[in-house]
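Scroll down for the structure; my scribbles are underneath it.
Taken together, the values in this text are just the output of simple stated rules run on the coordinates, not laboratory data. Here the structure is a predicted model, which means the values were calculated and not measured. No Cβ is skipped: glycine too gets one built from the backbone with ideal geometry, and neighbour counts run over all protein chains shown.
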Amino acid sequence: MRKVLGRTLSKAWDDSLFGMSSQAAFWSALSTAPMLLALLGLVGPVARLFGPDTIEQIKGEIDKFLNSTFNAEVAEGLVGDTVNTILSQSQGGTISVGLLISLWAGSSAMAAFVESIAIAYGQHEIRHPAKERFFSLFLYLVALLFGILLLPLMAVGPDLLIQILPASTRDVAGTIISISYYPALGIFLILLLTTLYKVAPKYRHQWKRGLPGAVLAAVLFIILSAGLRIYLSYVYAHGLTYGALATPITFLLFYYFSSMAIIFGAQFNNALLEYYPPRKVTTREWSLKRPYFKRTVIDSHGDTLDDEEDQEGDEYAEQPAGSGDDSPVAETARDKTPGPQDKSAAKVI
């Protein structure tokens, strides 16, 4: 595991982890306001289907999350007033404009994450830029739809579940639900992040191979968020504020640490794939099918095969997406080149 962590740190540094995190943080921060306009503007009409008090419950859940992540001053100045205004009014024109701007800024933020994860897996510029942009837009629309449906359920779901249960078990069930609510939400977010690690690269690995990085990203996010909250409490307690810049600086730092955790998790997954490739794939097959270079393969009969033809019939989801010629498995593959007596060997030109 020490080698895996060392490889993760080394490649994260080579891939400019801090620069990629800054890019993703900038687009995420820029997309927040229009995303709130679109998401919360659409949530308002949907939430009313669950009851007249649903909007107030959503406000309470958002305030609770902001106050647990930031201090009270930053939470209120960050999006508190905006959230209350949008949820109360939900005007059609505001929703339309917010949705259009959100599609541009939000898809740019998603594209930054897709590109960063692809670079972590050694697949930079494998997918065509136009296809990557439309793919990022699709992922953002899916995330927006999930948010519209899940926000009301997150707000009223526990209460509805308690009401369905028999009266004799409601007290015990209420205690269990209140304790397990946020851990269950965290597990759900980890599963979503694992899915993002699965679909972001063009050449995909097994879904379960993205789970370790998602767990690591969640742990890093909790640690960094706690550190940010401690720092903010210290700054405000000693009067060392940044004035009017305090809120946007805090906002950017939050997104910066979140982006860093997500990208570092992808780097960790890639290191695990290098040191522990799937057993169904030999190192020789992996060295021939690594997707970083466009190559021509000549088989033992003298026929020419392109990359796609060479990969036909294979389940590429079983193939690890390594990180380049400097990976430890790639070095092993170079040492095991076939001899002249190997009739089934293929050579690469």
- Note on the structure: Assertion target for D171, D15, ordered by fewest C-beta neighbours within 10 angstrom first, is D171, D15
- Task: Rounded to the nearest 0.05, what FRET efficiency do R170 and I222 give with R0 = 30 Å and r taken as the Cβ-Cβ distance? Could you check?
- Result: 0.45
- Query: How would you rank I230, I177, I263, going from fewest to most other Cβ atoms within 10 Å of each one's own Cβ?
  - Reply: I230, I177, I263
- Order of E132, E115, E274 - criterion: other Cβ atoms within 10 Å of each residue's Cβ, fewest first: E132, E115, E274
- Note on the structure: L100 and L192 label points (each 7 Å along its Cα→Cβ direction) are spaced in nm at 2.7
